[in-house]
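Have a look at the structure below, then the notes.
Derivation of every value follows stated rules applied to the coordinates shown; laboratory data play no part. On a predicted model such as this, the values are computed, not experimentally measured, just so you know. Using ideal geometry, Cβ is built from the backbone for each residue, glycine included, and neighbour counts are taken over all protein chains shown.
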Amino acid sequence: MKKIAIFASGSGTNAQRIIEYFKDHPLIRIEMILSNNPEAFVLERAKKLNLASLVFSRQEFYQSDMVLKVLQENNITFIILAGFLWLIPKYLLDAYSRKIINIHPALLPKYGGKGMYGMRVHEAVIQAGEKESGISIHFVNEKYDAGQKIFQVKCEVSEKDTPETLAKKIHLLEYQYFPVIIEKVLLKGKSF
């Protein structure tokens with residue numbers, strides 16, 4: 001059984017979609033939700049779905065091995081970042097080499113990096129006059145949004161799109177593809 005921990009900082013819509021997708025999976029189980037934000041709605045989702053959760057501080061994440069110990073105690077084999085906004089520290093990258101996946105709401109390498117998340121990404125895409133956007137699913141390394149790409153899918157950006165309408169298009173792609181690609185990576189161990 002492959003056991004997943006999901007790291008999230010906000011609402012948790014992607015996290016919920018992933019949890020529901022793997023609910024009765026014979027080989028993959030979502031074990032817990034971890035968050036750096038005690039106010040994150042993803043923690044309410046975890047409660048409703050009877051999932052263990054953990055909130056940690058910046059100090060606990062970067063200056064101790066508390067998070068790693070919790071992951072190891074729960075036999076976590078893979079980490080999914082679903083709207084998690086902090087850079088992953090080296091000790092976790094070492095312990096989970098090529099076993100941490102993130103999703104980004106744009107076609108990397110464009111519109112990635114520190115501070116590029118959520119609506120900021122869609123605003124930048126619209127402002128630049130891009131004709132397409134999409135999602136990028138990638139392995140996590142020591143830099144924001146710079147790990148090896150696993151999968152990308154595009155959508156059209158029309159002249160009428162606003163950051164809000166583009167966000168809706170991107171969310172639909174995330175919900176459709178993120179769980180499926182996670183499953184393929186966990187079961188086949190490769191990029192697509």
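If the chain between L27 and C155 were fully stretched, how many nm would it gain, using 0.36 nm times the residue separation less the Cα-Cα distance?
So the chain would gain 42.9 nm between L27 and C155.
Between M66 and K48, the modelled label-to-label distance comes to 2.8 nm, taking each label 7 Å out from Cα in the direction of the beta carbon. Applying 1/(1 + (r/R0)^6) with R0 = 41 Å to the Cβ-Cβ distance of K188 and S11, what FRET efficiency is obtained, to the nearest 0.05? Once rounded, the FRET efficiency stands at 0.85.
Across segment 152-192, the residues whose backbone nitrogen lies under 19 Å from the label position 7 Å along the beta-carbon direction of Q127 are 157-168. Between the exposed loop cleavage positions of the chain, defined as GluC sites (Glu not before Pro) in a non-H, G, I, E, B DSSP state with at most 14 neighbouring beta-carbon atoms within 10 angstrom, the longest gap is 40-141. Our estimate of slack between R120 and Y91, defined as 0.36 nm per intervening residue step minus the Cα-Cα distance, is 7.5 nm. Against the chain, whose longest principal axis is taken from its Cα atoms, helix 163-188 shows a tilt of about 40°.
Counting only the Cα atoms, segment 49-192 fills a convex hull of 121 Å³ per residue.
Quick check: residue separation of K3 and T165 times 0.36 nm, minus the Cα distance between them. What number comes out in nm?
54.9 nm
Work out the length of the dipole vector of the chain about its Cα centre, built from +1 on the beta-carbon of each Lys and Arg and -1 on the beta-carbon of each Asp and Glu, and round it to the nearest 20 debye.
Roughly 460 debye, rounded to the nearest 20.
In the structure shown, the pairs K47/K154; K149/K169; K131/K188; K3/K169 are assessed against 25 Å; a Cα-Cα span above that value is assigned to K47/K154; K131/K188; K3/K169. With the convex hull drawn over the C-alpha atoms of segment 1-97, the volume per residue is 85 Å³. Every helix of 4 or more DSSP H residues in the chain counts as -39500 (n - 2.57), and over all residues that averages to -10500 deg cm²/dmol at 222 nm.
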